[in-house]
Structures are given as C-alpha cells and as structure tokens.
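The values are calculated or read from the model by the stated rules, or taken from the named source; none is laboratory data. Quick caveat, the model's predicted, so the values are computed rather than measured. Cβ: placed from backbone, ideal geometry, glycine included. Neighbour counts: every protein chain shown. These area figures cover heavy atoms from the full protein model, side chains too; ligands, DNA and RNA do not enter into them. Shrake-Rupley method; radii C 1.70, N 1.55, O 1.52, S 1.80 Å.
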Amino acid sequence: MAKIVAGVATSHVPAIGAALDNGKTQEPYWQRVFAGYEESKKWIAEVKPDVCIVVFNDHATAFSVDVVPTFALGCAAEFAPADEGWGPRPVPVVHGHPELAAHIAQSVILDEFDLTVVNNMEVDHGLTVPLSLMFGQPEEWPCKIIPLAVNVVLFPPPTGNRCFNLGAAIRRAVESYPEDLKVVIFGTGGMSHQISGPRAGLINSEFDKAFLDGMSNDPQKIIKIKHVEYMREAGAEGIEMVMWLVMRGALDEHVRERYRFYTVPASNTAVGHLILENPSQMAAE
Ligand code: DHB
Ligand code: FE
C-alpha cells in the first residue's frame, strides 16, 4: 500500500528561486534563508520519498483569469517550468505519476471533492521554489511529483476547513493505492505577506508563529480561520496558508514536529517552514 509518511510546509517566495539560480545563496541576506533548509535537505535525502504531492498555487501563470479552477490535480507525465517573465527557471522538468494521480482523482471525486483534472500544465515558482529548497540543484528531481493547484488568487478561495478535509480525502486515496509507495505531501505558500497596495510589506510574526503552533498541535483551531482574518492579520497574500491545511489534513491528528524554521523577511514575505512526521505511517516503515 502507498502511505503518506510526512508533511512539509514552506513558503515559495520567487526571489528565493532567483537567488539560487543566480548564485547568490552565499550573500548574507540569502544565506540566512538557505541555512534554514540544510537540515530539511538532509531529512528528505534520508526519507527518499517515491512521490511528493505538492499543494501549491498557480500565480495566473498556467491558468489565466479566464479559467480559475478551485482545486486542479496534475495528472500528466511531465510538467515544464513556466516562463514567468524572465524565461523558465533553469530547473529540471517535473516528472509526474499519472497512475497515482488518476487514482487520487477517481478516489477523491467519488468521495465528493470535485477536482479539475489537468493533463497539460506548466508549473511556476509556487511549485518549483519549494522543490529547490528541499532538493537543492540536482540534474533531475529525485522523485515523482504530483502537483495540486489551489486557487488563492481570485476571490473566493476555498476555506481552510475545506482544504483540511480535502487533505483527509487525499490520504484515503493514497492509502487505497495498491503499490508500496512512500509519499510526502507539501503545503506551500505563506506566511504573512502583502505584495501590493497601501499595506505592501506587511508581516505579522505573532500570527505566523501561532499558525505554526496550530499546524503542529491544534489544527482544529486554525482550520476555523476565516478569509477576512487571513487578509487582516496576514496580508492579502497570507491566504496562501490555506494550502498548508491540505497537507495537515492528510496527516494523523497527532504529529511529530521534526523541524521548524522561521525568518523575516525574504522579499516581501515571512518565510515559514515545518516538517511534520506522520507517526502511524513512519512507524510502519
Ligand atoms: C512574493 C511572495 C509570493 O508568495 C509570491 O507568490 C510572489 C512574491 C514576495 O515575497 O515577493
Ligand atoms: Fe505566492
């Protein structure tokens, strides 16, 4: 059987990708950010997942405002890095897992979560920056990746509670897949940030730290946070944090916090990062 052994949460700031791609990781501003992921790179190299499900948002790159799916599952064999205005990032093509993705689509849709199936999609910084942070700069990504795009760009995005319940449905789907596969699920985006308007640059470390605590110890509390509260407390783009709740819903009620990192700022964003191990599934190793 396939199993979800752990969840990874991380911000996906595009400037982090640019710093890596342009050889700036040793500059003090960026060194502080990348140092926070050294432990994580070792951890994931030891865990060696077969598949990572990466919950991310497309920033009007693959999906223009013409069509905005709420939840879109990448079922293709490959996903190329998107050109976001400066040419595609020099990172490997993402290889999908069409069989597991099709199984997840079937299981989750019959479980009454109406996903959009995507058979052709380029992936932007929302997906590639978390991969770079966790895997560094390899020739090929070391595992298969299933992208799950969540709309947090155009109102109304899904609620945190809906995202959490979708995560639980994804877990049921993975655990009913017959092949032995080790799966890690990523929730990306956040933490507090606002990119435009009069409050551009807003960061709220108190809110972010309480959210990190909630992810570890009290998800039932943070799934109740309303859109207006994310907006008020964490800035217009703080809503990206609902994607972390998809990841959290795919884990046990009680998780083991393996690693936490928080630094301010990177570009306009508070960078937050968690590794949560799924005790029941790690034990089954
Ligand atoms: C920034 C952060 C994001 O999550 C994003 O999608 C774009 C920009 C930033 O901090 O600049
Ligand atoms: Fe973003």
Conditions (1) under 28 Å from Glu277 (Cα atoms); (2) among the charged types (D, E, K, R); (3) over 19 Å from the mean Cα position of the chain (by Cα); number of the one not met by Glu27
(1)
Out of (1) assigned to a loop (DSSP other than H, G, I, E, B); (2) among the aliphatic types (A, V, I, L, M); (3) surrounded by 17 or more Cβ atoms within 10 Å (Cβ to Cβ), the odd one out for Ala9 is which?
(1)
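Yes/no matrix, rows are residues, columns are (1) within 15 Å of ligand 1 (Cβ to nearest atom); (2) of a type in the set (Gly, Ala, Ser); (3) under 21 Å from Phe261 (Cα atoms):
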position: Gly17; (1), (2), (3): yes, yes, yes
position: Gln31; (1), (2), (3): no, no, yes
position: Glu39; (1), (2), (3): no, no, yes
position: Phe56; (1), (2), (3): yes, no, yes
Considering only the stretch 242-285, how many residues are at pLDDT 95 or above, part of a helix (DSSP H, G or I) and under 11 Å from Gly7 (Cβ atoms)?
6
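Kindly indicate whether Val152 is over 30 Å from Pro90 (Cα atoms), crowded, with 20+ Cβ neighbours inside 10 Å and among the hydrophobic types (A, V, I, L, M, F, W, C).
Numbers: over 30 Å from Pro90 (Cα atoms): no; crowded, with 20+ Cβ neighbours inside 10 Å: yes; among the hydrophobic types (A, V, I, L, M, F, W, C): yes.
No, not satisfied.
Starting from residues that are in a loop (DSSP other than H, G, I, E, B) and within 16 Å of ligand 2 (Cβ to nearest atom), keep the ones in the stretch 169-198 and report whichever is nearest to Ile104 (Cα to Cα). Let's see the steps before the verdict.
Of all residues in the stretch 169-198, those in a loop (DSSP other than H, G, I, E, B) come to 176-181, 189-192, 194-198.
From what's left, within 16 Å of ligand 2 (Cβ to nearest atom): 189-192, 194-197.
Numbers: Gly189: 22, Gly190: 25, Met191: 28, Ser192: 31, Gln194: 33, Ile195: 34, Ser196: 36, Gly197: 39 Å.
That would be Gly189.
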All positions within the stretch 48-78 that are under 23 Å from Ala15 (Cα atoms) and over 16 Å from the mean Cα position of the chain (by Cα)
Ala60, Thr61, Ala62, Phe63, Ser64
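Out of the stretch 203-216, which residues are farther than 26 Å from Ala45 by Cα, in contact (Cβ under 8 Å) with a residue 40 or more places away in the chain and assigned to a helix (DSSP H, G or I)? If you could, list the steps in order and put the result at the bottom.
Initial filter on the stretch 203-216 (farther than 26 Å from Ala45 by Cα): 203-211, 214.
Checking which are in contact (Cβ under 8 Å) with a residue 40 or more places away in the chain leaves us with 203-205, 208-209, 211.
Within the stretch 203-216, Ser205, Asp208, Lys209, Phe211 qualify.
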Only residues that are away from ligand 2 (no atom under 16 Å from the Cβ) and open to solvent by 10 Å² or more (accessible area, probe 1.4 Å): list them for the stretch 231-250, please.
Arg232, Glu233
For the stretch 191-202, check the following and say yes or no: at least one residue is in contact with a helix residue (DSSP H, G or I) (Cβ under 8 Å, 6 or more places away or on another chain), within 16 Å of ligand 1 (Cβ to nearest atom), without any contact (Cβ under 8 Å) to a residue 24 or more places away in the chain and open to solvent by 20 Å² or more (accessible area, probe 1.4 Å).
no
Going through the stretch 119-137 in order, the residues found to be away from ligand 2 (no atom under 12 Å from the Cβ), open to solvent by 10 Å² or more (accessible area, probe 1.4 Å) and part of a helix (DSSP H, G or I) are Phe135
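Just checking, which of Ile145, Ile185 is closer than 24 Å to Pro219 by Cα and open to solvent by less than 10 Å² (accessible area, probe 1.4 Å)?
Numbers: Ile145 fails: closer than 24 Å to Pro219 by Cα.
Checking each option against the conditions leaves just Ile185.
Could you list all residues from the stretch 20-58 that are farther than 21 Å from Val117 by Cβ and either part of a loop (DSSP other than H, G, I, E, B) or within 16 Å of ligand 2 (Cβ to nearest atom) (or both)? Break it down stepwise before answering.
Step one: filter the stretch 20-58 for residues farther than 21 Å from Val117 by Cβ, giving 20-50.
The answer is Asn22, Gly23, Lys24, Thr25, Gln26, Glu27, Val33, Gly36, Tyr37, Lys48, Pro49, Asp50.
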Candidates Glu99, Glu140 - the one that is surrounded by fewer than 20 Cβ atoms within 10 Å (Cβ to Cβ) and assigned to a helix (DSSP H, G or I)
Glu99
